[in-house]
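Worksheet: the structure to be examined is printed underneath.
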Amino acid sequence: MSKKTILELLVLILCLTYLSQAAPVRTPDNHPDTINPTKTPTGEILQAYSPDEYCSGKWQGPLSGYMDSWFGGNEYYAIYQDPTELGCTDTYPFQVTKIIWPIYTDQVISIEVKPIIYSLAGTPECPRPGDIIYEGPLMTFENLEAGGQYIFMDLEEPVCVYEPYFAGFYFSGQESNLNIYVDDGMIVAPRECAAYNDYGYGWRDLVAQENFEWNMCLWSEGYNSLENDCADSCSWQYPGDVNSDDTIDEDDITCLTDYLYRDGAAPEPLANGDADGDCRINKADAYAIYDHINSAGILAECTCVHPETSCCYDKTGNADCSWEEEPDISDITRLIDFLYIMHWPLCCPAEADVDGSGGSPDISDITFLIAHLYIDHRELPYCPDYTPSTGEINGHTDCKTVLQPGEKAITETCVEYQYANGLLFLKHINAELNCCPVFTANITIENYIITIEEIDSLDNGGCDCICLFDIDYEITALPPGEYAISFIEPYLRPGEEKLEFTVNLVTTPSGSYCVPRF
(Lines give C-alpha, C1' and ligand atoms only; values in the text may rest on other atoms or scores of the structure.)
Protein backbone atom coordinates (compact mmCIF):
# COMPACT_ATOMS: atom_id res chain seq x y z
CA MET A 1 0.00 0.00 0.00
CA SER A 2 1.46 3.37 -0.97
CA LYS A 3 2.17 6.15 1.51
CA LYS A 4 -0.43 8.29 -0.25
CA THR A 5 -3.11 5.63 0.20
CA ILE A 6 -2.21 5.19 3.89
CA LEU A 7 -2.38 8.96 4.41
CA GLU A 8 -5.77 9.14 2.72
CA LEU A 9 -7.07 6.32 4.96
CA LEU A 10 -5.79 8.11 8.08
CA VAL A 11 -7.51 11.34 7.03
CA LEU A 12 -10.75 9.42 6.38
CA ILE A 13 -10.58 7.75 9.81
CA LEU A 14 -9.95 11.10 11.53
CA CYS A 15 -12.92 12.68 9.69
CA LEU A 16 -15.23 9.82 10.61
CA THR A 17 -14.09 9.99 14.24
CA TYR A 18 -14.77 13.73 14.36
CA LEU A 19 -18.21 13.37 12.79
CA SER A 20 -19.18 10.58 15.16
CA GLN A 21 -18.25 12.78 18.15
CA ALA A 22 -19.73 16.01 16.78
CA ALA A 23 -23.07 14.62 15.67
CA PRO A 24 -23.89 11.28 17.31
CA VAL A 25 -26.67 9.29 15.72
CA ARG A 26 -29.80 9.55 17.84
CA THR A 27 -32.29 6.72 18.02
CA PRO A 28 -35.56 6.33 19.94
CA ASP A 29 -33.70 4.13 22.46
CA ASN A 30 -31.40 6.91 23.63
CA HIS A 31 -34.17 9.48 24.13
CA PRO A 32 -34.65 9.85 27.91
CA ASP A 33 -38.24 9.77 29.12
CA THR A 34 -37.89 11.39 32.55
CA ILE A 35 -40.74 13.73 33.48
CA ASN A 36 -39.68 16.54 35.80
CA PRO A 37 -41.78 18.77 38.08
CA THR A 38 -43.61 21.69 36.55
CA LYS A 39 -42.14 25.15 36.51
CA THR A 40 -44.55 27.63 34.99
CA PRO A 41 -43.13 29.29 31.87
CA THR A 42 -42.50 32.98 32.10
CA GLY A 43 -42.79 35.49 29.30
CA GLU A 44 -45.38 37.50 27.41
CA ILE A 45 -48.94 37.42 28.76
CA LEU A 46 -51.28 36.75 25.86
CA GLN A 47 -54.14 39.14 25.27
CA ALA A 48 -57.59 37.62 25.77
CA TYR A 49 -58.96 37.69 22.24
CA SER A 50 -62.50 36.88 21.18
CA PRO A 51 -62.88 33.81 18.90
CA ASP A 52 -64.35 36.25 16.38
CA GLU A 53 -60.96 37.95 16.11
CA TYR A 54 -58.06 35.75 17.11
CA CYS A 55 -57.71 31.99 17.33
CA SER A 56 -55.27 29.73 19.12
CA GLY A 57 -54.29 26.28 17.95
CA LYS A 58 -53.39 25.06 21.44
CA TRP A 59 -55.37 21.84 21.87
CA GLN A 60 -53.07 20.39 24.54
CA GLY A 61 -53.94 20.43 28.23
CA PRO A 62 -52.08 22.46 30.89
CA LEU A 63 -48.29 22.36 30.86
CA SER A 64 -47.45 19.58 33.29
CA GLY A 65 -43.71 19.05 33.02
CA TYR A 66 -40.95 18.50 30.54
CA MET A 67 -39.05 15.70 28.87
CA ASP A 68 -35.53 15.99 30.21
CA SER A 69 -32.82 16.65 27.56
CA TRP A 70 -34.98 15.51 24.67
CA PHE A 71 -33.73 18.05 22.16
CA GLY A 72 -30.61 16.98 20.29
CA GLY A 73 -30.36 19.78 17.74
CA ASN A 74 -30.53 20.02 13.97
CA GLU A 75 -34.04 18.57 13.89
CA TYR A 76 -37.64 19.41 13.07
CA TYR A 77 -40.85 19.44 15.12
CA ALA A 78 -44.44 19.82 13.97
CA ILE A 79 -47.90 19.79 15.55
CA TYR A 80 -51.32 19.30 13.94
CA GLN A 81 -53.44 22.46 13.93
CA ASP A 82 -57.15 22.97 13.30
CA PRO A 83 -58.44 26.01 15.22
CA THR A 84 -61.99 24.93 14.40
CA GLU A 85 -61.77 22.14 16.98
CA LEU A 86 -61.07 24.79 19.64
CA GLY A 87 -64.21 26.82 18.93
CA CYS A 88 -62.82 29.25 16.40
CA THR A 89 -65.75 30.43 14.28
CA ASP A 90 -65.55 31.13 10.54
CA THR A 91 -62.08 29.63 10.65
CA TYR A 92 -60.92 29.30 7.06
CA PRO A 93 -59.17 30.88 5.37
CA PHE A 94 -57.03 31.21 8.50
CA GLN A 95 -54.10 33.62 8.80
CA VAL A 96 -51.23 32.22 10.86
CA THR A 97 -49.14 34.92 12.55
CA LYS A 98 -46.93 33.15 15.10
CA ILE A 99 -45.78 29.82 16.50
CA ILE A 100 -45.45 29.42 20.27
CA TRP A 101 -43.11 26.93 21.89
CA PRO A 102 -42.72 26.60 25.69
CA ILE A 103 -39.28 25.43 26.80
CA TYR A 104 -37.50 24.67 30.04
CA THR A 105 -33.79 25.01 30.75
CA ASP A 106 -31.80 24.66 33.93
CA GLN A 107 -29.17 27.23 32.93
CA VAL A 108 -28.70 30.31 30.74
CA ILE A 109 -28.65 29.28 27.06
CA SER A 110 -28.93 30.71 23.55
CA ILE A 111 -30.80 28.91 20.74
CA GLU A 112 -31.51 29.28 17.02
CA VAL A 113 -34.88 28.29 15.54
CA LYS A 114 -36.95 29.05 12.45
CA PRO A 115 -40.75 28.70 12.13
CA ILE A 116 -42.27 26.43 9.47
CA ILE A 117 -45.84 25.82 8.25
CA TYR A 118 -46.59 22.49 6.54
CA SER A 119 -49.52 21.21 4.51
CA LEU A 120 -51.12 17.87 5.36
CA ALA A 121 -49.86 14.56 4.00
CA GLY A 122 -50.65 10.99 4.90
CA THR A 123 -54.28 9.95 5.27
CA PRO A 124 -57.19 11.99 6.68
CA GLU A 125 -57.34 9.53 9.58
CA CYS A 126 -53.64 9.93 10.32
CA PRO A 127 -52.15 13.12 8.84
CA ARG A 128 -48.46 13.90 8.90
CA PRO A 129 -46.46 16.99 7.85
CA GLY A 130 -46.36 17.40 4.07
CA ASP A 131 -45.02 20.15 1.82
CA ILE A 132 -43.59 23.34 3.31
CA ILE A 133 -46.03 26.23 2.89
CA TYR A 134 -43.84 28.74 4.71
CA GLU A 135 -40.31 28.68 6.10
CA GLY A 136 -39.04 31.65 8.06
CA PRO A 137 -35.48 32.80 8.65
CA LEU A 138 -33.29 31.44 11.43
CA MET A 139 -34.02 33.37 14.65
CA THR A 140 -31.54 33.69 17.51
CA PHE A 141 -32.77 33.84 21.11
CA GLU A 142 -29.80 34.80 23.27
CA ASN A 143 -29.17 34.42 26.99
CA LEU A 144 -32.46 32.78 27.88
CA GLU A 145 -32.69 32.58 31.65
CA ALA A 146 -32.96 29.30 33.50
CA GLY A 147 -36.52 28.09 34.06
CA GLY A 148 -39.59 27.84 31.88
CA GLN A 149 -40.51 30.40 29.27
CA TYR A 150 -42.26 30.84 25.93
CA ILE A 151 -40.47 31.21 22.61
CA PHE A 152 -42.57 33.35 20.26
CA MET A 153 -41.72 32.85 16.58
CA ASP A 154 -43.48 35.62 14.66
CA LEU A 155 -43.81 34.93 10.95
CA GLU A 156 -42.27 37.51 8.61
CA GLU A 157 -45.50 37.57 6.63
CA PRO A 158 -48.85 36.19 7.82
CA VAL A 159 -49.55 32.87 6.11
CA CYS A 160 -53.02 32.04 4.77
CA VAL A 161 -54.13 28.41 5.08
CA TYR A 162 -57.37 26.95 3.79
CA GLU A 163 -57.58 23.72 5.76
CA PRO A 164 -55.92 22.14 8.82
CA TYR A 165 -52.12 22.33 8.74
CA PHE A 166 -49.00 21.56 10.75
CA ALA A 167 -47.14 24.29 12.62
CA GLY A 168 -43.55 23.59 13.54
CA PHE A 169 -39.98 24.74 13.65
CA TYR A 170 -36.41 23.78 12.92
CA PHE A 171 -34.07 23.76 15.94
CA SER A 172 -30.42 24.36 15.08
CA GLY A 173 -27.36 23.30 17.01
CA GLN A 174 -26.67 21.01 19.95
CA GLU A 175 -28.13 22.01 23.32
CA SER A 176 -28.32 19.38 26.06
CA ASN A 177 -29.93 21.73 28.58
CA LEU A 178 -33.09 22.35 26.54
CA ASN A 179 -36.18 20.34 27.51
CA ILE A 180 -39.53 19.74 25.82
CA TYR A 181 -42.75 20.68 27.63
CA VAL A 182 -45.68 18.26 27.68
CA ASP A 183 -49.22 18.48 29.06
CA ASP A 184 -50.74 16.35 31.83
CA GLY A 185 -52.40 13.84 29.48
CA MET A 186 -55.63 14.22 31.45
CA ILE A 187 -57.71 16.85 29.66
CA VAL A 188 -56.47 15.66 26.26
CA ALA A 189 -55.49 12.00 26.03
CA PRO A 190 -52.16 11.49 24.24
CA ARG A 191 -52.95 11.83 20.54
CA GLU A 192 -51.36 9.84 17.77
CA CYS A 193 -50.94 11.45 14.32
CA ALA A 194 -50.64 14.91 15.90
CA ALA A 195 -47.09 15.57 17.16
CA TYR A 196 -44.01 14.70 15.12
CA ASN A 197 -40.22 14.88 15.34
CA ASP A 198 -37.69 14.42 12.54
CA TYR A 199 -34.12 14.05 13.72
CA GLY A 200 -32.79 12.66 10.47
CA TYR A 201 -34.92 9.57 9.92
CA GLY A 202 -38.17 11.05 8.63
CA TRP A 203 -41.20 12.14 10.58
CA ARG A 204 -41.80 10.05 13.70
CA ASP A 205 -44.99 10.16 15.73
CA LEU A 206 -44.04 11.14 19.29
CA VAL A 207 -46.89 9.13 20.82
CA ALA A 208 -47.11 6.13 18.50
CA GLN A 209 -43.39 5.71 17.71
CA GLU A 210 -41.47 7.53 20.46
CA ASN A 211 -43.77 6.36 23.28
CA PHE A 212 -44.60 9.78 24.73
CA GLU A 213 -47.10 9.39 27.57
CA TRP A 214 -48.11 13.04 27.21
CA ASN A 215 -48.79 15.52 24.41
CA MET A 216 -45.98 17.81 23.26
CA CYS A 217 -46.84 21.47 23.82
CA LEU A 218 -46.41 23.55 20.68
CA TRP A 219 -49.02 25.58 18.82
CA SER A 220 -49.72 28.48 16.48
CA GLU A 221 -52.04 31.46 16.59
CA GLY A 222 -53.62 33.80 14.07
CA TYR A 223 -56.73 35.49 12.72
CA ASN A 224 -59.82 33.79 11.38
CA SER A 225 -61.70 34.68 8.19
CA LEU A 226 -63.67 37.47 9.87
CA GLU A 227 -60.55 39.41 10.71
CA ASN A 228 -57.94 38.60 8.07
CA ASP A 229 -57.40 39.66 4.48
CA CYS A 230 -56.83 36.17 3.04
CA ALA A 231 -58.52 35.54 -0.28
CA ASP A 232 -61.49 33.24 0.07
CA SER A 233 -60.58 29.99 -1.62
CA CYS A 234 -64.08 29.19 -2.86
CA SER A 235 -66.79 31.82 -2.74
CA TRP A 236 -65.11 34.10 -5.26
CA GLN A 237 -64.21 31.36 -7.76
CA TYR A 238 -66.11 29.90 -10.68
CA PRO A 239 -63.70 27.35 -12.17
CA GLY A 240 -64.08 27.15 -15.93
CA ASP A 241 -65.46 30.67 -16.32
CA VAL A 242 -62.15 31.93 -17.64
CA ASN A 243 -63.50 35.22 -19.02
CA SER A 244 -65.71 35.85 -15.95
CA ASP A 245 -68.95 36.37 -17.86
CA ASP A 246 -70.92 33.96 -15.60
CA THR A 247 -71.23 31.45 -18.44
CA ILE A 248 -69.04 28.49 -19.34
CA ASP A 249 -68.83 28.09 -23.11
CA GLU A 250 -66.40 27.93 -26.05
CA ASP A 251 -65.29 31.50 -25.35
CA ASP A 252 -63.68 30.27 -22.14
CA ILE A 253 -61.64 27.71 -24.07
CA THR A 254 -60.50 30.48 -26.42
CA CYS A 255 -59.56 32.76 -23.54
CA LEU A 256 -57.66 29.99 -21.79
CA THR A 257 -55.65 29.02 -24.88
CA ASP A 258 -54.97 32.68 -25.59
CA TYR A 259 -53.63 33.05 -22.05
CA LEU A 260 -51.46 29.95 -22.29
CA TYR A 261 -50.09 30.40 -25.81
CA ARG A 262 -50.70 33.93 -27.15
CA ASP A 263 -49.96 36.29 -24.24
CA GLY A 264 -53.68 36.69 -23.63
CA ALA A 265 -55.13 38.14 -20.45
CA ALA A 266 -54.98 35.96 -17.34
CA PRO A 267 -58.23 34.65 -15.84
CA GLU A 268 -59.58 36.90 -13.11
CA PRO A 269 -59.38 35.43 -10.57
CA LEU A 270 -56.55 33.23 -11.80
CA ALA A 271 -58.05 30.08 -10.24
CA ASN A 272 -61.05 30.31 -12.61
CA GLY A 273 -58.70 28.81 -15.17
CA ASP A 274 -58.12 25.70 -13.04
CA ALA A 275 -61.17 23.89 -14.38
CA ASP A 276 -60.09 20.39 -13.36
CA GLY A 277 -59.06 21.32 -9.82
CA ASP A 278 -55.46 20.06 -9.84
CA CYS A 279 -53.94 23.44 -8.88
CA ARG A 280 -52.35 23.77 -12.34
CA ILE A 281 -53.51 25.79 -15.31
CA ASN A 282 -52.62 24.03 -18.55
CA LYS A 283 -54.18 22.42 -21.58
CA ALA A 284 -55.91 19.82 -19.38
CA ASP A 285 -58.22 22.59 -18.17
CA ALA A 286 -59.22 23.39 -21.75
CA TYR A 287 -60.04 19.71 -22.23
CA ALA A 288 -62.10 19.76 -19.01
CA ILE A 289 -64.12 22.76 -20.19
CA TYR A 290 -64.65 21.11 -23.58
CA ASP A 291 -65.91 17.90 -21.92
CA HIS A 292 -68.21 19.96 -19.70
CA ILE A 293 -69.76 21.73 -22.67
CA ASN A 294 -70.09 18.69 -24.92
CA SER A 295 -70.64 15.74 -22.61
CA ALA A 296 -71.69 17.22 -19.26
CA GLY A 297 -68.26 16.67 -17.75
CA ILE A 298 -67.96 17.82 -14.14
CA LEU A 299 -65.79 20.84 -13.37
CA ALA A 300 -64.05 21.50 -10.09
CA GLU A 301 -66.13 23.37 -7.52
CA CYS A 302 -63.26 24.88 -5.57
CA THR A 303 -59.54 25.03 -6.27
CA CYS A 304 -56.39 26.37 -4.69
CA VAL A 305 -56.04 30.14 -4.69
CA HIS A 306 -52.72 30.36 -6.51
CA PRO A 307 -52.49 27.58 -9.11
CA GLU A 308 -49.33 27.14 -11.16
CA THR A 309 -49.43 27.91 -14.87
CA SER A 310 -47.67 25.98 -17.63
CA CYS A 311 -48.04 26.01 -21.41
CA CYS A 312 -46.27 22.64 -21.58
CA TYR A 313 -48.65 19.75 -21.00
CA ASP A 314 -47.69 16.16 -20.19
CA LYS A 315 -44.77 15.52 -22.62
CA THR A 316 -42.82 17.81 -24.92
CA GLY A 317 -43.04 17.94 -28.73
CA ASN A 318 -46.25 19.85 -29.44
CA ALA A 319 -44.27 22.77 -30.87
CA ASP A 320 -47.21 24.29 -32.75
CA CYS A 321 -49.48 24.08 -29.64
CA SER A 322 -52.21 22.29 -31.57
CA TRP A 323 -55.33 21.02 -29.87
CA GLU A 324 -54.21 17.47 -30.64
CA GLU A 325 -51.42 16.95 -28.16
CA GLU A 326 -49.58 14.14 -29.98
CA PRO A 327 -46.71 15.59 -32.09
CA ASP A 328 -46.71 15.16 -35.87
CA ILE A 329 -45.02 16.51 -39.01
CA SER A 330 -46.47 19.99 -38.44
CA ASP A 331 -44.40 20.31 -35.24
CA ILE A 332 -41.21 19.55 -37.18
CA THR A 333 -42.24 22.19 -39.72
CA ARG A 334 -42.84 24.70 -36.93
CA LEU A 335 -39.39 24.13 -35.46
CA ILE A 336 -37.72 24.49 -38.87
CA ASP A 337 -39.64 27.72 -39.46
CA PHE A 338 -38.59 29.08 -36.06
CA LEU A 339 -34.92 28.23 -36.47
CA TYR A 340 -34.24 28.89 -40.17
CA ILE A 341 -37.07 30.69 -42.01
CA MET A 342 -39.50 33.20 -40.42
CA HIS A 343 -38.15 33.07 -36.84
CA TRP A 344 -41.61 33.70 -35.44
CA PRO A 345 -41.72 33.38 -31.64
CA LEU A 346 -42.76 30.00 -30.33
CA CYS A 347 -46.13 29.61 -28.63
CA CYS A 348 -44.54 27.47 -25.89
CA PRO A 349 -40.73 27.19 -25.75
CA ALA A 350 -40.99 24.36 -23.21
CA GLU A 351 -42.96 22.24 -25.71
CA ALA A 352 -40.40 23.03 -28.42
CA ASP A 353 -37.55 21.89 -26.16
CA VAL A 354 -38.28 18.39 -27.43
CA ASP A 355 -35.21 16.67 -26.03
CA GLY A 356 -35.65 18.28 -22.59
CA SER A 357 -32.16 19.76 -22.59
CA GLY A 358 -33.38 22.95 -20.93
CA GLY A 359 -31.84 25.31 -23.45
CA SER A 360 -33.36 27.20 -26.36
CA PRO A 361 -34.75 24.95 -29.12
CA ASP A 362 -32.12 23.99 -31.70
CA ILE A 363 -31.37 21.40 -34.37
CA SER A 364 -31.11 18.62 -31.74
CA ASP A 365 -34.81 19.08 -30.95
CA ILE A 366 -35.72 18.61 -34.61
CA THR A 367 -33.52 15.50 -34.73
CA PHE A 368 -35.10 14.13 -31.56
CA LEU A 369 -38.65 14.67 -32.85
CA ILE A 370 -37.83 13.02 -36.21
CA ALA A 371 -36.41 10.02 -34.34
CA HIS A 372 -39.53 9.87 -32.13
CA LEU A 373 -41.92 9.94 -35.07
CA TYR A 374 -40.11 7.93 -37.76
CA ILE A 375 -36.98 6.09 -36.61
CA ASP A 376 -36.63 4.51 -33.15
CA HIS A 377 -39.83 5.98 -31.64
CA ARG A 378 -37.91 7.09 -28.57
CA GLU A 379 -39.90 8.33 -25.58
CA LEU A 380 -40.47 12.06 -25.29
CA PRO A 381 -39.47 13.60 -21.95
CA TYR A 382 -42.07 15.01 -19.59
CA CYS A 383 -42.53 18.76 -19.35
CA PRO A 384 -40.20 20.43 -16.83
CA ASP A 385 -42.92 21.10 -14.25
CA TYR A 386 -44.94 17.97 -14.90
CA THR A 387 -45.11 15.33 -12.20
CA PRO A 388 -46.27 11.97 -13.58
CA SER A 389 -48.58 9.94 -11.41
CA THR A 390 -46.86 7.10 -9.59
CA GLY A 391 -48.01 4.35 -7.26
CA GLU A 392 -46.46 2.18 -4.58
CA ILE A 393 -47.30 -0.18 -1.74
CA ASN A 394 -47.13 1.74 1.53
CA GLY A 395 -48.32 -0.85 4.04
CA HIS A 396 -49.91 -4.23 4.63
CA THR A 397 -51.23 -6.43 7.41
CA ASP A 398 -49.72 -9.65 8.57
CA CYS A 399 -51.33 -12.86 7.40
CA LYS A 400 -54.97 -12.74 8.53
CA THR A 401 -56.06 -16.24 7.51
CA VAL A 402 -54.08 -19.23 6.27
CA LEU A 403 -55.70 -21.14 3.37
CA GLN A 404 -54.68 -24.67 2.54
CA PRO A 405 -54.44 -25.67 -1.16
CA GLY A 406 -57.87 -25.48 -2.78
CA GLU A 407 -59.49 -23.92 0.30
CA LYS A 408 -61.59 -20.72 0.21
CA ALA A 409 -62.48 -18.92 3.44
CA ILE A 410 -63.87 -15.62 2.16
CA THR A 411 -67.02 -14.55 0.41
CA GLU A 412 -65.72 -11.33 -1.12
CA THR A 413 -62.67 -9.16 -1.73
CA CYS A 414 -62.93 -5.37 -1.58
CA VAL A 415 -61.18 -2.12 -2.34
CA GLU A 416 -61.62 0.92 -0.11
CA TYR A 417 -60.48 4.23 -1.63
CA GLN A 418 -60.04 7.84 -0.53
CA TYR A 419 -58.91 10.77 -2.70
CA ALA A 420 -57.82 14.30 -1.77
CA ASN A 421 -55.32 16.86 -3.07
CA GLY A 422 -53.91 14.60 -5.77
CA LEU A 423 -53.40 11.61 -3.45
CA LEU A 424 -55.39 8.40 -3.90
CA PHE A 425 -55.24 5.82 -1.13
CA LEU A 426 -56.39 2.29 -1.93
CA LYS A 427 -56.77 -0.64 0.46
CA HIS A 428 -57.19 -4.10 -1.09
CA ILE A 429 -58.96 -6.19 1.53
CA ASN A 430 -58.47 -9.97 1.45
CA ALA A 431 -55.71 -10.05 -1.13
CA GLU A 432 -54.49 -13.63 -1.67
CA LEU A 433 -50.72 -14.18 -1.72
CA ASN A 434 -48.25 -16.80 -0.63
CA CYS A 435 -47.94 -17.07 3.16
CA CYS A 436 -44.30 -15.90 2.94
CA PRO A 437 -44.56 -13.11 0.36
CA VAL A 438 -42.28 -10.41 -0.87
CA PHE A 439 -44.85 -7.65 -1.25
CA THR A 440 -44.52 -6.16 -4.71
CA ALA A 441 -46.80 -4.92 -7.48
CA ASN A 442 -46.62 -3.42 -10.96
CA ILE A 443 -48.66 -0.19 -10.94
CA THR A 444 -49.42 1.69 -14.15
CA ILE A 445 -51.39 4.92 -14.55
CA GLU A 446 -52.16 5.89 -18.11
CA ASN A 447 -55.11 7.49 -19.91
CA TYR A 448 -57.22 7.52 -16.71
CA ILE A 449 -56.70 3.78 -16.22
CA ILE A 450 -55.03 2.53 -13.03
CA THR A 451 -53.83 -1.07 -13.16
CA ILE A 452 -52.35 -2.81 -10.11
CA GLU A 453 -50.81 -6.19 -10.80
CA GLU A 454 -50.17 -7.92 -7.49
CA ILE A 455 -47.17 -10.21 -7.83
CA ASP A 456 -46.82 -13.40 -5.83
CA SER A 457 -43.06 -13.10 -5.57
CA LEU A 458 -41.30 -16.10 -4.10
CA ASP A 459 -37.81 -14.62 -4.07
CA ASN A 460 -37.47 -15.65 -0.42
CA GLY A 461 -38.44 -19.24 -1.11
CA GLY A 462 -42.14 -18.96 -0.29
CA CYS A 463 -44.24 -21.33 1.78
CA ASP A 464 -46.65 -24.15 1.01
CA CYS A 465 -49.81 -22.17 1.78
CA ILE A 466 -51.86 -19.12 0.81
CA CYS A 467 -52.70 -16.20 3.12
CA LEU A 468 -55.15 -13.34 3.15
CA PHE A 469 -53.68 -9.86 3.56
CA ASP A 470 -54.90 -6.26 3.46
CA ILE A 471 -52.54 -4.23 1.25
CA ASP A 472 -52.37 -0.41 1.19
CA TYR A 473 -51.44 1.51 -1.96
CA GLU A 474 -50.70 5.21 -2.50
CA ILE A 475 -51.07 6.92 -5.90
CA THR A 476 -49.44 10.36 -6.03
CA ALA A 477 -49.83 13.38 -8.35
CA LEU A 478 -53.15 12.03 -9.62
CA PRO A 479 -55.36 14.64 -11.35
CA PRO A 480 -59.07 14.55 -10.47
CA GLY A 481 -61.35 12.80 -12.93
CA GLU A 482 -63.01 9.51 -13.76
CA TYR A 483 -60.75 6.45 -13.51
CA ALA A 484 -61.01 2.77 -14.31
CA ILE A 485 -59.25 0.87 -11.51
CA SER A 486 -58.27 -2.75 -12.06
CA PHE A 487 -56.51 -5.28 -9.83
CA ILE A 488 -54.77 -8.28 -11.39
CA GLU A 489 -54.78 -10.98 -8.70
CA PRO A 490 -52.38 -13.93 -8.93
CA TYR A 491 -54.84 -16.51 -7.57
CA LEU A 492 -58.04 -15.51 -9.39
CA ARG A 493 -59.95 -18.72 -10.14
CA PRO A 494 -61.86 -19.49 -13.34
CA GLY A 495 -65.33 -18.01 -13.17
CA GLU A 496 -64.50 -15.46 -10.46
CA GLU A 497 -65.23 -11.82 -11.19
CA LYS A 498 -62.27 -9.53 -11.73
CA LEU A 499 -61.75 -6.80 -9.16
CA GLU A 500 -62.20 -3.75 -11.38
CA PHE A 501 -64.47 -0.73 -11.25
CA THR A 502 -64.87 2.84 -12.47
CA VAL A 503 -65.09 5.82 -10.13
CA ASN A 504 -65.35 9.60 -10.56
CA LEU A 505 -62.99 11.02 -7.94
CA VAL A 506 -64.56 14.48 -8.30
CA THR A 507 -68.11 13.48 -7.37
CA THR A 508 -67.25 10.45 -5.20
CA PRO A 509 -63.85 11.00 -3.55
CA SER A 510 -64.23 8.08 -1.13
CA GLY A 511 -66.01 4.76 -1.06
CA SER A 512 -65.57 1.02 -1.54
CA TYR A 513 -66.17 -1.69 -4.11
CA CYS A 514 -66.46 -5.45 -3.57
CA VAL A 515 -66.72 -8.55 -5.73
CA PRO A 516 -67.78 -12.05 -4.56
CA ARG A 517 -65.44 -14.97 -4.12
CA PHE A 518 -66.46 -18.62 -3.88
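The values are calculated or read from the model by the stated rules, or taken from the named source; none is laboratory data. On a predicted model such as this, the values are computed, not experimentally measured, just so you know. As a convention, Cβ positions derive from the backbone with ideal geometry for all residues, glycine included, and neighbour counts pool all protein chains shown. For accessibility, only protein heavy atoms count, side chains too; no ligands or nucleic acids. Shrake-Rupley method; radii C 1.70, N 1.55, O 1.52, S 1.80 Å.
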Dipole axis of the chain (+1 Lys, Arg; -1 Asp, Glu on Cβ), positive-most option in T333, I289, Y513: Y513
Label zone at C463, where the point sits 7 Å out along the Cα-to-Cβ direction: segment 374-399 residues whose backbone N lies under 12 Å: 398-399
Whether segment 106-232 is rounded, prolate or oblate, judged on the alpha carbon gyration tensor where a/c under 1.5 counts as rounded: oblate
GluC sites (Glu not before Pro) within segment 85-183: DSSP coil, no more than 13 neighbouring Cβ in 10 Å: E125, E145
Ordering of 370-376, 272-278, 195-201 by packing [mean C-beta count within 10 Å, highest first]: 272-278, 195-201, 370-376
Gained length - L339 relative to D90, 0.36 nm times residue gap less alpha-carbon distance: 84.0 nm
The chain: DSSP helices with Cα axial extent of at least 30 Å and average Kyte-Doolittle hydropathy no lower than 1.6: none
Relative contact order, percent, the chain [alpha-carbon distance under 8 Å, six or more residues apart]: 11
Contact order relative to length of segment 333-432, as percent, for alpha carbon pairs under 8 angstrom and 6 or more apart: 14
Of all accessible heavy-atom area on segment 363-488, the percent that carbon and sulfur account for (1.4 Å): 51
Gain on full stretching of the segment that runs from I187 to A484 - 0.36 nm per residue minus C-alpha separation: 102.3 nm
FRET efficiency, R378 to D263 (Cβ-Cβ, R0 35 Å, nearest 0.05): 0.60
The chain: antiparallel DSSP beta bridges as a percent of all, rounded to 5: 95
N447-C302 pseudo-label distance in nm [points 7 Å out on the Cα-to-Cβ vector]: 3.6
Local electrostatic count at G359 - Lys and Arg +1, Asp and Glu -1, tallied over other residues with Cβ under 12 Å: -4
Estimated distance in nm for a label pair at A208 and T401, the labels positioned 7 Å out from Cα along Cα-to-Cβ: 2.6
Estimated 222 nm signal from helices in the chain, with DSSP H stretches of n ≥ 4 weighted -39500 (n - 2.57), rounded to 500: -4000 deg cm²/dmol
Between segment 248-272 and segment 120-137, the Cα center-to-center distance that results, in Å: 32
Cα→Cβ-extended label distance, 7 Å offset, between S510 and F439, nm: 2.1
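Roughly speaking, what is the stretch gain from E326 to D472, that is 0.36 nm per residue apart minus the C-alpha to C-alpha distance, in nm to one decimal?
Stretched out fully, the E326 to D472 stretch lengthens by 49.1 nm.
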